[in-house]
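Here is the structure we will look at.
The values are calculated or read from the model by the stated rules, or taken from the named source; none is laboratory data. No experiment lies behind these values; they were computed from the predicted model shown. Here the Cβ positions follow ideal geometry from the backbone for every residue, glycine too, while neighbour counts run over all protein chains shown.
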Amino acid sequence: MKISTRGRYAIRGLADLASNGKDGPISIREIAERQEVSVDYMEQLFHKLMKAGIIKSFRGLKGGYQLAKDPGDISIKDILEIVEGPLCLVNCEEMEGSQACPRMAGCKTHILWNKLTELIAERLDEIKLKDVCEGTF
C-alpha cells in the first residue's frame, strides 16, 4: 500500500487545522500556504472531508474551516479511507465478483495479504489526529 499525496496532504491539512483552529475557522489559503500545497488541491481534499463529516465550513469574512469532531475522535484510518479509498496491500484484496482473482480460493498468500491489511488497518484506526498533532503515537 502506497499512500498518495491525497492521504498525506489530507492528514497534514487536518493536523494544521487541529493545531491552529482553536479560536475559529481558518481559511483554506492559510492552511495550503503553511503546508505548501495548492489551494485547489487542498479544497478538493477538504470537500471530501466535509462530505464525510470530519470538518465543517463557514462562509463570510471570517469564514473558513473547522474540525467537526474532536481530534481525539478522528482516526488516521478514517482520513485515509475518505481520500484514498479502501486500504488494501494488494489488488486482489479489493477485487470482487467477476473481477476477483481466479486463484484466490487456492492461493497460499491470500491469507497473508488479508491479515497484513487487517493489522495495518487496526493500527491506523488506533492512531488519532490528536496523536499526530502531539507526536504521541
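Consider GLU36 carefully, then state whether it is out of contact with any strand residue (DSSP E or B) (no Cβ under 6 Å at 6 or more places or on another chain), surrounded by 13 or more Cβ atoms within 10 Å (Cβ to Cβ), among the acidic types (Asp, Glu) and under 21 Å from THR5 (Cβ atoms). No. Give the residues of the range 66-87 that are out of contact with any Gly (no Cβ under 6 Å at 6 or more places or on another chain) and more than 18 Å from ARG8 (Cβ to Cβ), sorted by residue number. Listed by number, the residues that qualify are LEU67, LYS69, ASP70, GLY72, ASP73. Checking the conditions here, which among GLY7, GLY13 is closer than 22 Å to LYS128 by Cβ, in contact (Cβ under 8 Å) with a residue 60 or more places away in the chain and of a type outside the set (Ser, Thr, Tyr)? Criteria check complete, one pass: GLY7.
Within the range 1-36, the set of residues being among the hydrophobic types (A, V, I, L, M, F, W, C) and assigned to a loop (DSSP other than H, G, I, E, B) comprises MET1, ILE3. Listed by position, the helices (runs of 4 or more DSSP H) inside the range 48-137 whose residues that are modelled with pLDDT under 95 number at least 3 are 91-94, 110-126. Scanning the range 37-47 for residues that are in a helix (DSSP H, G or I) and either farther than 13 Å from LEU14 by Cα or not charged (D, E, K, R) (or both) yields VAL39, ASP40, TYR41, MET42, GLN44, LEU45, PHE46, HIS47. Would a scan of the range 34-52 turn up a residue that is more than 15 Å from VAL83 (Cα to Cα) and β-branched (Val, Ile, Thr)? Yes - at least one qualifying residue is present in the range 34-52.
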